[in-house]
Amino acid sequence: MSTRLAINGGEKTVNINRSHFVWPPISEKTRAVVERQLGAGISIYNKSGIIAELEDQFADYHNRKHALLTSSGTAALHSVFVGANFSPGDEVLCPAYTFYATITPIFFTGAIPVLVDCREDGNLDPDAIEAKITERTKAIVVTHMWGLPCEMDAISAIAARHNLQLFEDVSHAHGATYNDQLVGTFGDASAFSLQGQKTVTGGEGGILLTDNDEIFYRALLLGHYNKRCKTEIPSAHPLARYATTGMGLKLRIHPVAAAIAKQQFAGLPQILAGRQKMAQKMVTALADLPGIRVPVTPNQATHTWYAFVMQYQAEELGGLPIERFYDALQAEGCKELDRPGSTCPLNYHPLFQDPGQLFPGYNGQLNYRAGDFPVAENFHSRCLKLPVWHDPKDEEIVDLYIQAFRKVVANHHALL
């Protein structure tokens, strides 16, 4: 292999013309279930057919009483927060580092998202939570970032001690566990995304899980008016009289998306096993490289490797800027290498600096600024992200990406 960096005119390391990472895997079985669903029906108003099948399987897998499919993970989160029955002015403690859709539905409830800094692994810092609790605090929200579970024992204890609701965004972490317990089962409710990039995908979709009847009934009323509300909310319940109209939104998943997601869900154990093997290979191969910190998984957690997120250490490579390091790897052919942009500290987004122009009730109530969350901001500034492959046939690509990293690190002086 040439030691001259491709960015300086050398031969690139990853010289493969096909797509380096294809997701989701679409098998002939997947195509067959789509064809079958097209014949069975393309609109389902109630809990029947493929909707009932996937909801029941997901609920059984997580040992939860209720599962509710939605049109997106964002819609599932919206359903969770409406189910929580927040009032205007209630405060909800949220991770400062997460994809913004974890938190944005809160604005539609009138509650105030109170951001909390993260650990050095990108997950919500339990030690930073209690200082943010006030008499108006009603709930804590966590996101298991990039597939790594949060410290759910500590966070659950805080929620219990202060009588707070606890909600999980599991969009990155299908099948992850903490102390042998599946994430998505620690809180009062949880939301999963089934979007196209997710580990379990229907192309678009989401799902809510809860054991709480009140949360479930309100979630039904938010996005599943008429038939489902009439059959699933007991007639004697005070909310049953709203069943016909609900809250007026339609957040149902498309049956074809549900059919795809059910097929993908069936393959989850194999996907996770393959990703674990590839991720361990990447950790082992890159852990000794200066300039790179690979993800660390605590013994009590199982990481599901939605992504392989490294922390760049410029100080170990002579102060080489991350932009230059990234460009050199792109030139080597690592086109799947990413620097996350929209997944960033929420205080960077105008919505969290001045939400009042979009949500008039929030005039002056939030004014977060850059610098407010130093750990989250440092984590984001150092992020380099790779996908995690699962199929043995992709091991050649993984090996070439590893070679490219080693080449650039070994020759970083040529970039200074």
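Readers should treat all values here as calculations from the given coordinates under stated rules, not as data from a laboratory. Predicted model only: the values in this text are computed from it and were never measured. Don't worry about glycine lacking a Cβ; one is built from the backbone with ideal geometry, like all the others, and counts go over all protein chains shown.
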note = Projected onto the charge dipole of the chain (unit charges on the beta-carbon of Lys, Arg, Asp and Glu, signs +1, +1, -1, -1), the Cα from F99, Q165, I322 with the largest positive-side position is that of F99
key: Long-range amide H partners of T98 with built H, under 5 Å   = C344, L346
query = What does the charge dipole of the chain about its Cα centre add up to, to the nearest 20 debye, if the Cβ of each Lys and Arg holds +1 and the Cβ of each Asp and Glu holds -1?
reply = 1140 debye
query = ³J(HN,Hα) across segment 24-37 via Karplus (A = 6.51, B = -1.76, C = 1.60, θ = phi - 60°), whole Hz, x for Gly/Pro?
reply = x, x, 9, 8, 5, 4, 5, 4, 5, 5, 5, 4, 5, 5
Helix axis angle, 152-161 relative to the chain longest principal axis, alpha carbon, degrees = 40 degrees
ask   = If contacts are Cα pairs under 8 angstrom and at least 6 residues apart, what is the relative contact order of segment 28-266 in percent?
value = 26 percent
remark   = If one compares the long axis through the Cα atoms of helix 213-223 with the longest principal axis of the Cα atoms of the chain, the angle in degrees, nearest 10, works out at 80 degrees
task = Could you tell me whether segment 260-357 comes out rounded, prolate or oblate from its Cα gyration tensor? Rule is a ≥ b ≥ c as square roots of the eigenvalues, rounded for a/c under 1.5, then prolate if a/b exceeds b/c, otherwise oblate.
result = oblate
query = Comparing N85, N17, N347, which has the greatest mean-square fluctuation in the GNM of the chain with Cα pairs linked when under 10 Å apart?
reply = N17
message = Sort 110-123, 373-386 by the packing proxy (mean of other Cβ within 10 Å over each peptide's residues), most packed first.
response = 110-123, 373-386
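For segment 28-266, what is the convex hull (Cα atoms) projected area averaged across all directions, in square nanometres?
Values: hull surface 50.1 nm².
Convex hull of Cα atoms, orientation-averaged projection: 12.5 nm².
Report the antiparallel proportion of the DSSP beta bridges in segment 152-218 as a percent, rounded to a multiple of 5.
Given both bridge residues lie in segment 152-218, the antiparallel proportion sits at roughly 65 percent.
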key: Distance from segment 343-385 to segment 57-130 (C-alpha centre basis), Å   = 16 Å
inquiry  = About the Cα centre, and with charges only on the beta carbon of Lys, Arg (+1) and Asp, Glu (-1), how big is the dipole of segment 28-266? Nearest 20 debye, please.
reply    = 1200 debye
request  = Could you please report the charge total around G223, scoring K, R as +1 and D, E as -1 over all other residues with beta-carbon less than 15 angstrom from its beta-carbon?
outcome  = +4
Beta bridges by DSSP in the chain, antiparallel share as percent, to the nearest 5 = 60 percent
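Determine the sum of side-chain charges near D211: Lys and Arg each +1, Asp and Glu each -1, restricted to other residues whose C-beta is under 10 angstrom from that of D211. Intermediate results must be reported in sequence, preceding the final value.
Numbers: positive: R64, K65; negative: D188, D213.
Net of charged neighbours comes to 0.
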task = Kindly list the residues of segment 70-96 that lie in the label zone of A131, defined by a backbone N under 20 Å from the point 7 Å along the Cα-to-C-beta vector.
result = 91-96
Percent of beta bridges antiparallel (DSSP, segment 28-266, rounded to nearest 5) = 45 percent
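Relative contact order for segment 168-299: what percent, with Cα pairs under 8 Å and sequence separation of 6 or more?
19 percent
What is the chain's relative contact order, in percent, from Cα pairs under 8 angstrom and six or more apart in sequence? Could the numbers behind the result be given before it?
Working: 840 pairs, mean separation 87.1, N = 416.
Value for the chain: 21 percent.
Set the Förster radius R0 to 56 Å, insert the Cβ-Cβ distance between H413 and R241 as r into 1/(1 + (r/R0)^6), and round the FRET efficiency to 0.05.
Result of the calculation: an efficiency of 0.15.
Which pairs, out of K227/K262; K29/K277; K12/K277; K12/K393; K132/K262; K198/K250, put more than 31 Å between their alpha-carbon atoms? The partial results should precede the final answer.
Details: K227/K262 23 Å; K29/K277 25 Å; K12/K277 26 Å; K12/K393 21 Å; K132/K262 40 Å; K198/K250 23 Å.
Distance filter (> 31 Å) returns K132/K262.
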task = Please work out the FRET efficiency for the pair T284 and K65, using the Cβ-Cβ distance as r and a Förster radius of 45 Å; give the result to the nearest 0.05.
result = 0.65
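What is the local net charge at A189, summed over the other residues whose Cβ is closer than 14 Å to its Cβ (Lys, Arg +1; Asp, Glu -1)?
Numbers: positive: R64, K65, K138, R218; negative: E168, D169, D188, D211, D213, E214.
It works out to a net charge of -2.
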inquiry  = How tilted is helix 395-410 with respect to the longest principal axis of the chain? Cα atoms for both, answer in degrees (0 to 90, nearest 10).
reply    = 60 degrees
ask   = In nm, to one decimal, how far is the modelled label at I42 from the one at R339, with both set 7 Å along Cα→Cβ?
value = 4.3 nm
Charge dipole (the chain, unit charges on Cβ, about Cα centre) - positive-most of Y178, G110, H413 = G110
ask   = How far is it, in nm, from the label point at A32 to the one at Q197 when both lie 7 Å from their Cα along the line to the Cβ?
value = 3.2 nm
